[in-house]
Amino acid sequence: MENAFKNFLAPHTVVLTGGGTGGHIYPNLALIPDLAVRGMEAVYIGGEGDVLERRLATKAGLSYYGTETVKLVRSMSSSALKNNLCIPAALKRATNRAEDILRHISPDVVFSKGGFVSLPTVLAAKRLGIPVVAHESDLTLGLANKMARAAGATILKANPNSKFDGIFVGMPLRRALFGVDPREARKRLNICTQKPVLLVLGGSSGAKFLNDAVTKMMDVLTEQYFVLHVTGKATERVQRQNYACFEYADDIGDFYAAADVILSRAGATAVFEISALEKRAVFVPLPKGISRGDQPYNAALAQSLGAVALYQNEQFYQKLLPSIEIALQNAPMRALADDANGKIADIIYDSIRRGVKCKDKKR
């Protein structure tokens, strides 16, 4: 296969798009090495301004272009209705902007990780006849990926139980997560204790609830564990023994490696990363209404792989410590799929080859 890649007039250009949260960005960036091996160069299209995808893509050395974005708010509040009424006009402007960018870049293919940030680029690619490959992490297709499918995109899925047609590939994962020495990771994080290390990950939209839970149960948690807490944009920093908090985990591989057990929201990327690393974990899915409703399915998938699922209800605080203890005693999680990165890069490569053949026929 390597020789076939070398026959390409490299580099071919792949646009990566998606943003808003790490779950839409990190899987994109994880593909870069596998794309490069196959003679493909990546550029990134995301939101305008100082957004997370711009910071991470630029840090990864990619050229970056921004478009306007407007997220659908699933609520009947007046502010939500006002926001949603702005979507058609904003989407039209953003799609026009994305079309200008794509004309300038002249890519061979667009790879979309879904989400509202990706939609202008996907719709612009359809206008220009550029093939689109879209990856869905959850059990059901998100709105942007539904629209991508309607626009003719090749749909890939991370979850083998997904309720839509698509090619099962698993989740693209960052190489930097693997092979990290736990002892060295703990040194870098200044963890000097014999207590088990509990890593708490709230995720961008779920941090407040888990942050509040840690605060409420700080005494009992730090009595039994060293709590390594990634808070997100919390307003208050707590300092105490057997506790360390970080707004953001730049080297998440160190955090994962240092942990004996993980308490996390049930975002699809977190579930796949933690299972691939064969860690012990408790997943707390976001309730439907706060998210679009797929996290309970992700938690069920995690449970089938050996994790503990803990739901956000009136019994949460009563069950939190026992759930962590059960997870710590359980066998590590099992990984779901192998080499998703290579499988996805092969599909992107094949879409370019098909596009090249179509161009040759037209000539």
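Ignoring aspartates and glutamates fewer than eight residues from Lys163 along the same chain, the ones with Cα atoms less than 16 angstrom from its Cα are Glu136, Asp138, Asp294. When the range 219-264 is described by a simple charge dipole with +1 on each Lys and Arg Cβ and -1 on each Asp and Glu Cβ, the residue from Val238, Val227, Ala249 located farthest towards its positive end is Val238.
Which pairs break 27 Å Cα to Cα here: Lys71/Lys343; Lys113/Lys343; Lys126/Lys288? The answer is Lys71/Lys343; Lys126/Lys288. Rounded to the nearest whole Hz, the Karplus-based 3J(HN,Hα) values (6.51 cos²θ - 1.76 cosθ + 1.60, θ = phi - 60°) of the range 140-153 follow the sequence 10, 5, x, 4, 4, 6, 4, 5, 5, 4, 4, 8, x, 5, with x at glycine and proline. Remark: the range 167-173, residue by residue, has Karplus-estimated 3J(HN,Hα) of 8, 6, 10, x, 10, x, 10 Hz, where x stands for each Gly or Pro and the curve is 6.51 cos²θ - 1.76 cosθ + 1.60 at θ = phi - 60°.
Answer rounded, prolate or oblate for the range 176-329, using the Cα gyration tensor with square roots of eigenvalues a ≥ b ≥ c: rounded when a/c is under 1.5, else prolate when a/b is larger than b/c, else oblate.
rounded
Relative contact order of the chain, taken over Cα pairs closer than 8 Å and 6 or more residues apart, is 14 percent. Placing pseudo-labels 7 Å out from each Cα toward the beta carbon at Ala90 and Lys233 gives an inter-label distance of 1.5 nm.
Amide H to amide H distances under 5 Å link Glu136 with Leu156, Lys157, Ala158, where only residues 5 or more positions off or on other chains count and H is placed in the peptide plane. Counting neighbouring Cβ atoms within 10 Å and putting the fewest first, the residues Glu53, Glu136 line up as Glu136, Glu53.
Only one residue of Val308, Phe178, Leu321 has its Cα farthest out toward the positive end of the dipole of the range 176-329, where Lys and Arg carry +1 and Asp and Glu -1 on Cβ, and that residue is Leu321.
Charges only on Cβ, +1 for Lys and Arg, -1 for Asp and Glu: so what's the dipole of the range 176-329 about the Cα centre, in debye to the nearest 20?
Numbers: 16 positive and 16 negative charges, 34 e Å.
That gives the range 176-329 a dipole magnitude of about 160 debye.
Taking label positions 7 Å along the Cα-Cβ direction at both Lys163 and Arg353, the computed distance is 3.6 nm, reported to one decimal.
Magnitude of the Cβ-charge dipole of the chain, K/R +1 and D/E -1, about the Cα centre, nearest 20 debye?
Working: 46 positive and 34 negative charges, 233 e Å.
Charge dipole of the chain: 1120 debye, to the nearest 20.
In whole percents, the pair-distance distribution calculated for the chain from its alpha-carbon pairs, binned every 20 Å from zero, is 29, 56, 15, 0. Ranked by how many other Cβ atoms sit within 10 Å of their own Cβ, fewest first, the residues Leu305, Leu35, Leu143 fall in the order Leu143, Leu305, Leu35.
For a 28 Å ceiling on Cα separation, which of these pairs sit above it: Lys82/Lys233; Lys146/Lys233; Lys187/Lys233?
Numbers: Lys82/Lys233 26 Å; Lys146/Lys233 31 Å; Lys187/Lys233 25 Å.
The answer is Lys146/Lys233.
Oblate is the label for the range 294-336. Its Cα gyration tensor axes, ordered a ≥ b ≥ c, give a/c of at least 1.5 and b/c at or above a/b.
What does DSSP give for the range 176-329 in terms of the percent of beta bridges that are antiparallel, rounded to the nearest 5? Please report the intermediate quantities before stating the final value.
Working: 1 of 21 bridges.
In the range 176-329, DSSP labels about 5 percent of beta bridges as antiparallel.
Note: relative contact order over the range 154-296, using C-alpha pairs below 8 Å and six or more positions apart, is 23 percent. All other residues whose Cβ lies under 11 angstrom from that of Pro11 are scored, Lys and Arg at +1 and Asp and Glu at -1, for a net of -1. Counting neighbouring Cβ atoms within 10 Å and putting the fewest first, the residues Lys126, Lys216 line up as Lys216, Lys126.
Since every read-out is calculated from the coordinates, none of them should be taken as a lab result. As the structure is a computational prediction, the values presented were derived from the model and not from experiment. Here the Cβ is made from the backbone with ideal geometry for all residues, glycine too, and neighbour counts use every protein chain on show.
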